[in-house]
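In what follows, a single structure is set out as structure tokens and then discussed.
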């Protein structure tokens with residue numbers, strides 16, 4: 001086993017995971033921000049990613065059960081507030097539903113998640129399960145994809161606004177809220193990981209946890225590509241042209 | 001809610017799930033048995049499916065923890081014996097490793113599972129988790145894909161033996177052992193489901209459980225196609241041409 005890394009070297013190693021494995025490098029992301037996606041592909045992306053968004057507060061509540069320090073829990077709790085909001089009509093999940101509204105999906109269909117790809121469900125559920133069963137250090141480290149999210153969000157927003165007439169700043173409101181939250185959360189999580197990974201083995205586990213989380217995001221885009229770009233739709237998944245109102249007739 | 005189905009109608013409904021969703025309908029299966037797969041695609045299939053095989057006894061032990069009747073456990077235990085064997089060198093996992101041996105993979109690499117696709121791991125782990133958290137009825141019902149396996153196995157074996165000079169009856173020994181085991185197990189499980197699904201709601205849950213399991217199998221072939229046929233390899237997965245000995249130089 002190699003020697004303990006300095007906190008700075010650990011941070012570099014973690015940032016390298018993002019440089020190599022974060023889903024901004026996925027072909028679906030490139031297709032999306034460069035304007036090559038069809039309306040149906042954007043619908044499928046928003047529908048599937050709703051499941052990820054909806055499980056984030058459950059994932060964060062799971063992490064909350066693992067943190068034994070009051071101040072740590074106080075900090076982590078903000079994540080749940082961001083996604084669930086402080087009152088009805090508020091929060092990240094609500095903002096995501098405004099996006100699926102604008103793409104013509106009935107809310108009860110989206111919330112039922114019955115049309116999502118099985119691979120989306122497996123990946124997202126694996127993330128929650130990871131946070132339930134691994135060490136608190138690994139659970140916190142797996143959240144560090146947020147270190148890389150401000151770039152992908154700005155690329156996605158400017159690209160989508162420039163290339164698709166069916167999205168607007170209002171329908172993409174989820175993303176405009178996220179960068180300051182992600183910055184606050186990922187800085188806290190990075191400090192936590194640097195402080196709590198006290199052995200080389202723990203440092204390696206933190207790096208592996210971040211790789212795992214990159215896989216969770218990557219697998220979701222792989223499945224979207226296969227089903228809706230390559231058009232190899234798995235049985236039971238949402239079929240384009242069904243359920244959602246026609247383009248331009250969204251609520 | 002509709003009325004309770006007769007046991008015969010429930011069986012018909014379960015068999016219909018297989019007719020519509022079992023992975024014998026997947027394009028990767030057609031490609032495989034018709035001789036269109038490359039050597040590397042067969043390698044990737046065997047490497048990834050090892051993880052599924054290796055987790056089956058763990059899945060079955062999980063189900064065993066849910067069965068409260070001694071006779072039920074006695075019957076279910078046979079599944080673990082089939083896969084783990086009665087002595088070293090015996091059992092389904094060992095036979096699967098003979099296949100990966102013949103495809104040039106070092107055993108320790110296969111057993112480490114470090115080169116499998118994340119989507120394979122997510123799907124298989126979802127299956128174990130399903131059996132841990134759902135009702136015993138749903139756990140048993142999810143095994144009923146074995147009702148449909150004799151056909152796919154005979155198609156796969158005869159097609160592979162006819163079309164690939166790098167497989168043989170010896171390297172496919174896993175499959176020649178399976179049909180009588182699958183027949184015995186699926187008949188028992190079908191009787192169990194028919195006897196224990198005492199309400200329409202439970203019958204629907206059993207049908208949903210079988211759909212879920214079909215999704216677990218389907219998602220694995222989707223991921224194989226995406227990574228190794230469409231060649232959109234996710235970061236960290238086995239790269240063809242690495243690790244395994246060259247074709248014809250297997251142990």
Sole exception among (1) at pLDDT 95 or above; (2) under 15 Å from the mean Cα position of the chain (by Cα) for residue B:176, by number: (1)
Subset tally (residues that are more than 20 Å from residue B:116 (Cα to Cα) and either in a loop (DSSP other than H, G, I, E, B) or within 8 Å of chain B (Cβ to nearest Cβ) (or both)) for region A:193-216: 3
Subset of region B:117-134 (residues that are over 16 Å from residue A:223 (Cβ atoms), more than 13 Å from the chain's Cα centre (by Cα) and in contact (Cβ under 8 Å) with a residue 24 or more places away in the chain): B:130, B:131, B:132, B:134
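From the list A:190, A:161, which one is assigned to a helix (DSSP H, G or I), away from chain B (no Cβ under 14 Å), more than 15 Å from the chain's Cα centre (by Cα) and over 30 Å from residue A:7 (Cβ atoms)?
On the way: A:190 fails: over 30 Å from residue A:7 (Cβ atoms).
Going through A:190, A:161 in turn, just one is assigned to a helix (DSSP H, G or I), away from chain B (no Cβ under 14 Å), more than 15 Å from the chain's Cα centre (by Cα) and over 30 Å from residue A:7 (Cβ atoms): A:161.
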Residue check, residue B:84 under 26 Å from residue B:215 (Cα atoms) and either within 18 Å of the chain's Cα centre (by Cα) or touching a residue at least 12 places away in the same chain (Cβ under 8 Å) (or both): yes
Condition broken by residue B:89, with the remaining ones in (1) modelled with pLDDT of 95 or more; (2) surrounded by fewer than 18 Cβ atoms within 10 Å (Cβ to Cβ) satisfied: (1)
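Does residue B:32 meet the test of being touching a helix residue (DSSP H, G or I) at 6+ places or on another chain (Cβ under 7 Å) and closer than 25 Å to residue B:107 by Cα? Reasoning before the result, please.
Details: touching a helix residue (DSSP H, G or I) at 6+ places or on another chain (Cβ under 7 Å): yes; closer than 25 Å to residue B:107 by Cα: yes.
Yes: the conditions hold for residue B:32.
For (1) in contact (Cβ under 8 Å) with a residue 40 or more places away in the chain; (2) more than 14 Å from chain A (Cβ to nearest Cβ); (3) part of a helix (DSSP H, G or I); (4) within 30 Å of residue A:208 (Cα to Cα), each residue gets a yes or a no:
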site: B:178; (1), (2), (3), (4): yes, yes, yes, no
site: B:183; (1), (2), (3), (4): no, yes, yes, no
site: B:218; (1), (2), (3), (4): yes, no, yes, yes
site: B:233; (1), (2), (3), (4): no, no, no, yes
site: B:244; (1), (2), (3), (4): yes, yes, no, yes
site: B:248; (1), (2), (3), (4): yes, yes, no, no
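Okay, residues lined up against (1) over 16 Å from the mean Cα position of the chain (by Cα); (2) more than 30 Å from residue A:223 (Cα to Cα); (3) surrounded by fewer than 16 Cβ atoms within 10 Å (Cβ to Cβ); (4) touching a residue at least 40 places away in the same chain (Cβ under 8 Å):
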residue	(1), (2), (3), (4)
A:2	yes, yes, yes, yes
A:14	yes, no, no, yes
A:24	no, no, no, yes
A:52	no, no, no, yes
A:57	no, no, no, no
Residue B:16 vs. criteria in contact with a helix residue (DSSP H, G or I) (Cβ under 7 Å, 6 or more places away or on another chain), in a helix (DSSP H, G or I) and either modelled with pLDDT of 95 or more or farther than 19 Å from residue B:196 by Cα (or both): no
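Let's see how each residue does on (1) surrounded by 18 or more Cβ atoms within 10 Å (Cβ to Cβ); (2) farther than 30 Å from residue B:16 by Cα:
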site: B:208; (1), (2): no, no
site: B:226; (1), (2): yes, no
site: B:234; (1), (2): yes, yes
site: B:239; (1), (2): no, yes
All positions within region A:118-148 that are under 22 Å from residue A:184 (Cα atoms) and either within 14 Å of chain B (Cβ to nearest Cβ) or at pLDDT below 95 (or both): A:127, A:128, A:131, A:142, A:145, A:148
Region A:168-191: number of residues that are buried (at least 18 other Cβ atoms within 10 Å of the Cβ) and farther than 19 Å from residue A:57 by Cβ: 3
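Could you tell me whether residue B:142 is under 15 Å from the mean Cα position of the chain (by Cα) and closer than 22 Å to residue B:42 by Cα?
Values: under 15 Å from the mean Cα position of the chain (by Cα): yes; closer than 22 Å to residue B:42 by Cα: no.
No: the conditions fail for residue B:142.
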Hey, residue B:204 surrounded by fewer than 18 Cβ atoms within 10 Å (Cβ to Cβ), modelled with pLDDT of 95 or more and under 18 Å from the mean Cα position of the chain (by Cα) or not: no
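Going through region A:16-36 one residue at a time, which ones are closer than 18 Å to residue A:154 by Cβ and away from chain B (no Cβ under 14 Å)?
Quick first cut of region A:16-36, residues closer than 18 Å to residue A:154 by Cβ only: A:18-19, A:22-26, A:28-35.
Across region A:16-36, the qualifying residues are A:32, A:33, A:34, A:35.
The values are calculated or read from the model by the stated rules, or taken from the named source; none is laboratory data. Being a predicted model, the structure only gives us computed values, none of them experimental. For neighbour counting, all protein chains shown are included, and Cβ atoms are generated from backbone atoms with ideal geometry for every residue, glycine included.
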